[in-house]
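Participant: Have a look at this one before I ask anything.
The values are calculated or read from the model by the stated rules, or taken from the named source; none is laboratory data. Note that the structure is predicted; figures quoted are calculated from it, not measured. Cβ sites come from the backbone with ideal geometry, for glycine too, and all protein chains shown count toward neighbours. For accessibility, only protein heavy atoms count, side chains too; no ligands or nucleic acids. Shrake-Rupley method; radii C 1.70, N 1.55, O 1.52, S 1.80 Å.
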Number of protein chains: 2
Amino acid sequence: MSLIILKIGGSVITEKGSISKARETEIERISGEIASFKKDSDSQIILVHGAGSFGHPQAMKYKLDEGFDPKGAYLTHVSVKLLNSKVVESLNNAGAYALPVHPLSSCLLENGNIIDFQLGQIKVMLEKGIIPVLHGDVVMDRTKGASVLSGDRIIPHLAVALKASQIGAGSDVDGVLDEKDAIIRKITHFSFVDMKKNIKGSGSTDVTGGMRGKVSELLELADKGISSRIFNAYRKGVVSRFLYGEDVGTLITDK
Amino acid sequence: MSLIILKIGGSVITEKGSISKARETEIERISGEIASFKKDSDSQIILVHGAGSFGHPQAMKYKLDEGFDPKGAYLTHVSVKLLNSKVVESLNNAGAYALPVHPLSSCLLENGNIIDFQLGQIKVMLEKGIIPVLHGDVVMDRTKGASVLSGDRIIPHLAVALKASQIGAGSDVDGVLDEKDAIIRKITHFSFVDMKKNIKGSGSTDVTGGMRGKVSELLELADKGISSRIFNAYRKGVVSRFLYGEDVGTLITDK
């Protein structure tokens, strides 16, 4: 049984520069694309979405990256959970079965690193044809009290632990772009050495390290046999085309 | 460091016979009693609340006790999470720090029994002075797909795993009542043998086995050195009196 882990960036489903403003139309469109594919296919899907304008403003206001703040942790979690509820509701309305898995309830960090992630309930959801929907969240940390855990950092953990077949990272850019704004169709460890300096950053305000960091992380997964694609989830139909295995965006692979 | 696990029954904080109707006044009052005590005391507190008119109607409609239903599981979870959000918000508004822990995200069952419960994040919350707030929920089950896990069944698991000092079970009755409606002040294994037949059932529609079952379960914890009290959380000040160690309701102990 193949497992696809699909990331949808916060910049796709929320309004940049706002506080807690969702792009309901995009959420519905993407949910429809996922639900249609799921009806056609036996593939298991995990959806991980970013927080975007939900959570990030609260995390910044309470400086969660600088130290523990229980009120800030609470308000950040409430905000990202609200976005998650919209996504899960939209998937269920579109005819898919989806259930939320909140990292604050299921994950533990130590000095910012994941040291425990409850996966048993995710496995049962997948077996039952349900899409577990995770998200960037504030998570308890044995060293720091609490830390922000981005969706981008959840994905490699889940991909390795659950032996994902493929990862799709849907952002608001068409893929990894070179210095002339052309999509780089394929990146391997070998080709990355030369092209690294010419890669453009992500268009969105990405607190998690930009495009170069993202590619480096996905190349590590490629070493473990899990290939990824970075594509534009903001364009209609591209999530669907990714799910059906088409050659969209940038492929990151070990071959 | 002493750990108190406080259960507030769904019958206290929701309207019986309604669908998803909270008793906001009771939630605020109880939150105030908990927050005042927490300011005074170093004791760690876990709050577990029932679902009452949140979740139960959905669980019944979709017959979650008879078989797996992903839509029913989703709607039940959404409903209990809404009640949980009200409780957690109310505690934070009252000046306590509280964070939700959702069993669907953190727990796994096998044939209705808890086989895995993520506790690391709960421990960090407790160390940081935060009240983790759990609730009756629909939970993934390796055998059944999904099952309803009541708050009453979460408590013994947490009490043993986290070495609780005391348990308080706040319901809508004054304690365990005898055939003359008088409160039985103390129950031990020894006294329970004789009084068992004279114990009155819980006033609320309790899907989890009524008062006799509750006492039997708490006596098992008493054997492990964890005493409990069953008291009326619907009466003003009684939660507070329990937290401060007063002799309220019925004590269930091994001594």
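Participant: Name the residues in region B:23-32 that are open to solvent by less than 40 Å² (accessible area, probe 1.4 Å) and more than 9 Å from residue B:94 (Cα to Cα), would you?
Facilitator: Our first condition is that a residue be open to solvent by less than 40 Å² (accessible area, probe 1.4 Å); within region B:23-32, this holds for B:26-27, B:30-32.
Across region B:23-32, the qualifying residues are B:26, B:27, B:30.
Participant: Next question, about the same structure. Looking only at region A:117-132, how many residues end up being within 8 Å of chain B (Cβ to nearest Cβ), under 29 Å from residue B:98 (Cα atoms) and open to solvent by 10 Å² or more (accessible area, probe 1.4 Å)?
Facilitator: So the answer is 1.
Participant: Now a separate question. Of everything in region A:43-64, what is open to solvent by 30 Å² or more (accessible area, probe 1.4 Å) and in a loop (DSSP other than H, G, I, E, B)? Give them in sequence order.
Facilitator: The answer is A:62, A:63.
Participant: Which of the residues spanning region A:146-165 are of a type outside the set (S, T, N, Q) and surrounded by 19 or more Cβ atoms within 10 Å (Cβ to Cβ)?
Facilitator: Of region A:146-165, the ones of a type outside the set (S, T, N, Q) are A:146, A:148-149, A:151-164.
A:146, A:148, A:149, A:151, A:152, A:153, A:154, A:155, A:156, A:158, A:159, A:164, listed by residue number.
Participant: Answer with yes or no whether residue A:218 is buried (at least 20 other Cβ atoms within 10 Å of the Cβ), farther than 16 Å from residue A:173 by Cα, touching a Leu at 6+ places or on another chain (Cβ under 9 Å) and of a type outside the set (Val, Ile, Thr). Walk me through it before giving the result.
Facilitator: On the way: buried (at least 20 other Cβ atoms within 10 Å of the Cβ): yes; farther than 16 Å from residue A:173 by Cα: yes; touching a Leu at 6+ places or on another chain (Cβ under 9 Å): no; of a type outside the set (Val, Ile, Thr): yes.
So residue A:218 does not fit the description; no.
Participant: State yes or no: is residue A:114 touching a Cys at 6+ places or on another chain (Cβ under 8 Å), at pLDDT 95 or above and surrounded by 17 or more Cβ atoms within 10 Å (Cβ to Cβ)? Before you say what the answer is, go through the steps one by one.
Facilitator: Working: touching a Cys at 6+ places or on another chain (Cβ under 8 Å): yes; at pLDDT 95 or above: yes; surrounded by 17 or more Cβ atoms within 10 Å (Cβ to Cβ): yes.
Here the answer is yes, as residue A:114 does meet what is asked.
Participant: Consider residue B:135 against the criteria (1) of a type outside the set (Ser, Thr, Tyr); (2) touching a residue at least 12 places away in the same chain (Cβ under 8 Å); (3) buried (at least 22 other Cβ atoms within 10 Å of the Cβ); (4) over 19 Å from residue A:100 (Cβ atoms): it satisfies all of them except one. Which criterion is unmet?
Facilitator: Result: residue B:135 passes all but (4).
Participant: Continuing with the same structure: Please pick out the residue among B:61, B:81 that is basic (Lys, Arg) and at the interface with another protein chain (Cβ under 9 Å from one of its Cβ atoms).
Facilitator: Matching residue, one of B:61, B:81: B:81.
Participant: When region B:214-243 is examined, which residues are found to be in a loop (DSSP other than H, G, I, E, B), closer than 13 Å to residue B:165 by Cα and either without any contact (Cβ under 8 Å) to a residue 40 or more places away in the chain or of a type in the set (Ser, Thr, Tyr) (or both)? Walk me through it before giving the result.
Facilitator: Filtering region B:214-243 for residues in a loop (DSSP other than H, G, I, E, B) gives B:224-226, B:233-237.
Those still in the list that are closer than 13 Å to residue B:165 by Cα too: B:224-226.
B:225, the sole residue that qualifies.
Participant: Of the conditions (1) open to solvent by less than 30 Å² (accessible area, probe 1.4 Å); (2) within 7 Å of another protein chain (Cβ to nearest Cβ); (3) at negative phi, residue B:97 fails just one. Which one is it?
Facilitator: Against the list (1) open to solvent by less than 30 Å² (accessible area, probe 1.4 Å); (2) within 7 Å of another protein chain (Cβ to nearest Cβ); (3) at negative phi, residue B:97 comes up short only on (1).
Participant: Test of understanding: among A:174, A:152, which residue is assigned to a helix (DSSP H, G or I), away from every other protein chain (no Cβ under 14 Å) and in contact with a strand residue (DSSP E or B) (Cβ under 9 Å, 6 or more places away or on another chain)?
Facilitator: Working: A:174 fails: assigned to a helix (DSSP H, G or I).
From the options A:174, A:152, the qualifying one is A:152.
Participant: Using beta carbons and a limit of 6 Å, which pairs, at least six apart or on different chains, have the first residue in region B:26-53 and under 26 Å from residue B:124 (Cβ atoms) and of a type in the set (Lys, Arg) and the second one crowded, with 21+ Cβ neighbours inside 10 Å and modelled with pLDDT of 95 or more?
Facilitator: Hits for this filter: B:38/B:96.
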